[in-house]
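S.K.: Mind having a look at this structure? Questions to follow.
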Amino acid sequence: LFIVPWAALIVAVFGALSVAIDVTAGERERGSLEPLLANPVDATALVAGKWAVVMVYSTVIVLLTMLGFMVSMRFVANETLSALMQLQWREVGLFAAVLLPFAALMAALNMLAATFGRSFKEAQTYVSYIAMAAQFSAVVPIFLTVRDAAWQLLLPSVAQLTVLMKALRGEPMAAIDLWLPAAVCVAGTVACLFAQARLLTREAIVFSRS
């Protein structure tokens, strides 16, 4: 009951990580960021376009993973495990509704962190810290024997894992279980994108390369 939600969370974290680095630190390293910013396009629109590309990859990877989980569950021979893990179209839809806003936040956060990298490898170091924090912060409440506390819905990764485990167990969920984590992720995404747009107006970020 824990492995499937956690694996799904990891996919949302790592799904398009390399793409997020490539459209930021990768362009900075190749020197293609300067001519791109020379176009008469607002930095916010430019960042939003890059983020949209990353989200296309994230969405496809998350949806394919969910479908893969649903298909693989049909081959589980243990009747008790099959009865415990409810993973049909309803659960797949809930998984997608929970994971896609989180993937949007991770895409924006990874892009923001990678913008500080002067090379692809340097940016990989920065985003790896974010990925590790997202992975392990989600499991902290389990070791603390905390379950379904209200404050968990306010913490990205912790909220997603909490809701995914409830969906997999087939437990009833309130509307707040879906919209509150999503609202936190949307707010974080917008903040990260605006912060990155501000960074792209700084010469030290645009012209400094390793």
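S.K.: Mind listing whichever residues of segment 12-42 are assigned to a helix (DSSP H, G or I) and without any contact (Cβ under 8 Å) to a residue 60 or more places away in the chain?
M.R.: Ser18, Val19, Glu27, Arg30, Pro35, Leu36, listed by residue number.
S.K.: Tell me which of these Gly117 doesn't satisfy, since it passes every other one: (1) open to solvent by 20 Å² or more (accessible area, probe 1.4 Å); (2) touching a residue at least 60 places away in the same chain (Cβ under 8 Å).
M.R.: Condition (1) is where Gly117 drops out.
S.K.: If Trp51 satisfies every condition in (1) open to solvent by less than 60 Å² (accessible area, probe 1.4 Å); (2) touching a Leu at 6+ places or on another chain (Cβ under 7 Å) but one, which is the exception?
M.R.: (1)
S.K.: If we scan segment 157-167, do we find a residue that is open to solvent by 70 Å² or more (accessible area, probe 1.4 Å) and at pLDDT 85 or above? Give the derivation first.
M.R.: Taking segment 157-167 as the starting set, the residues that turn out to be open to solvent by 70 Å² or more (accessible area, probe 1.4 Å) are none.
No: zero hits.
S.K.: For segment 172-210, how many residues are open to solvent by less than 50 Å² (accessible area, probe 1.4 Å) and not in a helix (DSSP H, G or I)?
M.R.: Of the residues in segment 172-210, 3 are open to solvent by less than 50 Å² (accessible area, probe 1.4 Å) and not in a helix (DSSP H, G or I).
S.K.: Cβ-Cβ below 9 Å, separation at least six or inter-chain, first residue in segment 97-113 and in contact (Cβ under 8 Å) with a residue 24 or more places away in the chain, second of a type in the set (Asp, Glu): which pairs?
M.R.: Val98/Asp177
S.K.: Does segment 85-98 include one or more residues that are surrounded by 17 or more Cβ atoms within 10 Å (Cβ to Cβ), in a helix (DSSP H, G or I) and modelled with pLDDT of 90 or more?
M.R.: yes
S.K.: Can you tell me which residue is farthest from Val127 (Cα to Cα) among those in segment 24-42 that are hydrophobic (A, V, I, L, M, F, W, C) and open to solvent by less than 20 Å² (accessible area, probe 1.4 Å)?
M.R.: It comes out as Leu33.
The values are calculated or read from the model by the stated rules, or taken from the named source; none is laboratory data. Just so we're clear, the structure is a prediction, and the values are computed from it rather than from any experiment. Glycine gets a Cβ as well: all are built from the backbone with ideal geometry, and neighbour counts include every protein chain shown. Keep in mind that these areas ignore ligands, DNA and RNA; they rest on the heavy atoms of the full protein, side chains included. Shrake-Rupley method; radii C 1.70, N 1.55, O 1.52, S 1.80 Å.
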